[in-house]
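Below is one structure, written out as structure tokens, with a few remarks after it.
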Amino acid sequence: MENPVASSIVINPAVEAPSSDGVLINEVSISAASIPAISPVSFAQIPCEIQLAILQAEVESLLANPWVDHVNKQDYSGGWDVLPLRCQRQYLDAHPILQGFSIADGADWENLPVMAQCPEIQHLFNQLQCPIKAARLMRLKAGAEIKPHRDHELSIEFGEARLHVPIHTSDAVSFLVEQKLIPMRAGELWYFNADQIHEVYNHGSEDRINLVIDCVVNDWLRSKISSGAAHE
């Protein structure tokens, strides 16, 4: 996104102030409107090492596990379901709906037992030099769509970042943020600003499966997102 251009710099020659050597100099005043606003990053690619074929095989081995329908049914049409991989400790033995969607205050997050079958996903987790909160696989079935919506205050500006890795996808899948297409491909790691209006369409004949990771923003992650925003 482009930053707004500075609108004005006001130089007031009528106002003078003495310099350190007693010579009168003109004061320069800069109006608040002249300071460029920093536009939020809508999306950014983050470098990482992923062996896509291994990751895809891991996910295919999990298809027989119990996935749960997304609870926000008003936000989508067609099929959209979730397999939790990491949740808060208090929900380790709870129903998958609580593991996948309940977020309470606290920093106690743990991998679910299913992660023992996912060494490539764990390898990706190990590359993230920031605290990891929830993680899950999200499947948008063929012909389904996620309607335009916002996840309020879920962005780096509010201290939390949502990352996506497409695992099974196609050119028929469109992921848009503020009506801009994220050019994400299978095996890539992307941040997107969930606080902005976003929507997803699977016009293909195969299901789309993404790995979705929620992280706490720190200097490392902020730097990676800032660097990757050049793709926007």
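The values are calculated or read from the model by the stated rules, or taken from the named source; none is laboratory data. Fair warning: this is a prediction, and the values are worked out from it, not measured in the lab. A quick note on method: Cβ atoms are made from the backbone with ideal geometry, for glycine too, and the neighbour counts reach across all protein chains shown.
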What number of residues within segment 184-232 are surrounded by 15 or more Cβ atoms within 10 Å (Cβ to Cβ) and in a strand (DSSP E or B)? 17
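Where in segment 83-177 are the strands (runs of 3 or more DSSP E), entirely inside, with at least 1 residues that are exposed (fewer than 15 other Cβ atoms within 10 Å of the Cβ), among the small types (Gly, Ala, Ser) and at pLDDT below 95?
On the way: elements: 109-111, 132-140, 145-149, 160-168, 173-177.
Those strands (runs of 3 or more DSSP E) do not exist here; none qualify.
Does segment 53-70 include one or more residues that are of a type in the set (Val, Ile, Thr), over 30 Å from SER223 (Cβ atoms) and in contact with a His (Cβ under 9 Å, 6 or more places away or on another chain)?
The answer is yes; a qualifying residue exists.
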Among the residues of segment 117-136, are any farther than 25 Å from VAL200 by Cβ and more than 20 Å from the chain's Cα centre (by Cα)? yes
Using the structure shown, decide if GLU2 is assigned to a loop (DSSP other than H, G, I, E, B), modelled with pLDDT under 90 and of a type outside the set (Gly, Ala, Ser). yes
Could you give me the residue pairs with C-beta distances under 8 Å whose first residue belongs to segment 208-226 and is among the polar types (S, T, N, Q), whose second residue is part of a loop (DSSP other than H, G, I, E, B) and surrounded by 20 or more Cβ atoms within 10 Å (Cβ to Cβ) wherever it lies, and which are 6+ apart or on separate chains? ASN210/THR169; SER226/VAL41
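In this structure, is GLY159 within 17 Å of ALA134 (Cα to Cα), out of contact with any helix residue (DSSP H, G or I) (no Cβ under 7 Å at 6 or more places or on another chain) and not basic (Lys, Arg)? Walk me through how you get there before you give the answer.
Working: within 17 Å of ALA134 (Cα to Cα): yes; out of contact with any helix residue (DSSP H, G or I) (no Cβ under 7 Å at 6 or more places or on another chain): yes; not basic (Lys, Arg): yes.
In short, yes.
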Show the residue pairs that are 6+ apart or on different chains and have beta-carbon atoms under 8 Å apart, the first residue being within segment 61-78 and within 17 Å of ALA142 (Cα to Cα), the second being at pLDDT 95 or above and among the basic types (Lys, Arg). TRP67/ARG139; ASP75/LYS147; TYR76/LYS147; SER77/LYS147; GLY78/LYS141
Quick check on my filter: what residues within segment 56-82 are crowded, with 16+ Cβ neighbours inside 10 Å, more than 21 Å from GLN122 (Cβ to Cβ) and not charged (D, E, K, R)? VAL68, HIS70, TYR76, GLY79, TRP80
